[in-house]
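Taken together, the values in this text are just the output of simple stated rules run on the coordinates, not laboratory data. Computed from a predicted model, the values in this text were never measured in an experiment. Note that each Cβ is placed from the backbone with ideal geometry, even for glycine, and that neighbours are counted across all protein chains shown.
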Ligand code: FHN
């Protein structure tokens, strides 16, 4: 029985019990207590963070009938694509080349440990067999339950299955705001009835495709949503599956794209910087969600990130003690674009060689700079040299003795430790273009070393960066 399923199956049984949890927060609960003294059921789900922290790298998937247009999911509705036309795209959506096993294979060959797919984005289209609306995959020419096939393939291959679910719904008549971009009012909204619709579908997702690793909420920034509704929804979902992780886009405490959580505010289990590498942060879990190309949904010839940028982004994120959720937008025929598959596979090749410096590590002890990131586990520190400000790298000394050093990326390294400094020299021929990894063994655990910030130095234009 796999690690992910084992932990989750214990909880699934508790599902029914919570269905009848009283909904709607009392006035007292509404005043979200400071995170520190939050009631237990609002505190970060520490018990279920370890699998996710060790995983470090996941696949994000934004997909729907909009891929037929190659425009952005949700946002192009009522903008590049008239809403009437957008809402009829599902009648032509027939991704006959969709192969859930192939998607799982792509993720695992990339070295990813979890998968988060858009069950419903802001455009309201549902990619599973829901009984609460006909605006779903079951009413397309395709007519197959994508979440059923994908969740089964994930379980079969031990990849944690997770869903992204939009709180705002510009298509649903009860949700007060519509397209473009939540800028137009609906004629007869009913936010309470919409909230019940939201809960009903979340219960379906957890009951029929769960246990889920993460419920990745989004679209919480619009007026109709509130901290009270967020706290209530967090409690409702945790009640359905206590082992589930919920991001900080359930309440309204998220500080925009920077993705952190306003101090003291309740906001789910972890922070979510978007399209950026999060700040070095070890006291609160975080995950950067970033596109492999530019758009979240598929776009023909969309500009794709280089292998160097992809790997250095992963290294910087993990060096900051975060997770990376890297996004692809599959094509309208159901395939992930071959050039994107190749890029992901190349990341996987790198991780098969150097994954020990990523999986199950914590960020630090040296804080990330333009040319360095560091990760650690037990008595080992990995220095990821992403650039060469000088031939000899001089770092502040660590409060522990270096007992051994080597180059994980091959070749020789000389490490000289003095009372105040650590001097590292790697001959030019042993410097790797993307990341040169120095492995240091210390005479004690690295995790309790107070993180060390390095003085910023500019990188000279060198041929071997
Ligand atoms: O509007 C969405 C966007 O389409 C995409 O889903 C990203 C993913 O994190 N989140 C929102 C923008 O913040």
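Considering only beta bridges that DSSP places wholly inside the chain, some 50 percent are antiparallel. Secondary-structure-derived ellipticity at 222 nm for the chain, considering helices only, amounts to -7000 deg cm²/dmol, per-run term -39500 (n - 2.57) for DSSP H runs with n ≥ 4.
Each peptide in 293-301, 58-66 receives the mean, over its residues, of other Cβ atoms within 10 Å, and ordering these scores from highest gives 58-66, 293-301. Pairwise Cα separations in region 80-199 fall into 10 Å bins from 0 onward with the following percentages, short to long: 13, 37, 32, 16, 2. All C-alpha pair distances within region 37-92, sorted into 10 Å bins from zero, spread as 19, 28, 14, 24, 16, 0 percent across the bins.
Evaluate 2.2 N^0.38 Å with N set to the residue count of region 357-405, then give the Cα radius of gyration divided by it.
Normalised Rg, Cα atoms only: 1.15.
Regarding region 223-360, what's the average projected area of the Cα-atom convex hull, expressed in nm²?
Computing the convex hull of the Cα atoms and averaging its projections yields 10.3 nm².
When the P(r) is computed for region 390-446, the part past 14 Å accounts for 54% of the Cα-Cα pairs. If you take the alpha carbon atoms of the chain and fit the smallest convex hull around them, that volume is 147 Å³ per residue. Kirkwood analysis of region 308-422, using all unique Cα-Cα pairs, places the hydrodynamic radius at 15.9 Å. With neighbour counts taken as other beta-carbon atoms within 10 Å, the residues 352, 377 rank, fewest first, as 352, 377. Put the Cα centre of region 255-307 next to the Cα centre of region 150-196 and the gap is 20 Å. Here the ratio of the Cα radius of gyration of region 321-373 to 2.2 N^0.38 Å is 1.49. Using only Cα coordinates, the Kirkwood hydrodynamic radius of region 208-271 works out to 11.9 Å.
Exposure proxy shown here: for 125, 93, the number of other Cβ atoms within 10 Å sets the order, fewest to most, as 93, 125.
Compactness of region 181-298 is given as radius of gyration and Dmax, 15.1, 46 Å, from Cα positions.
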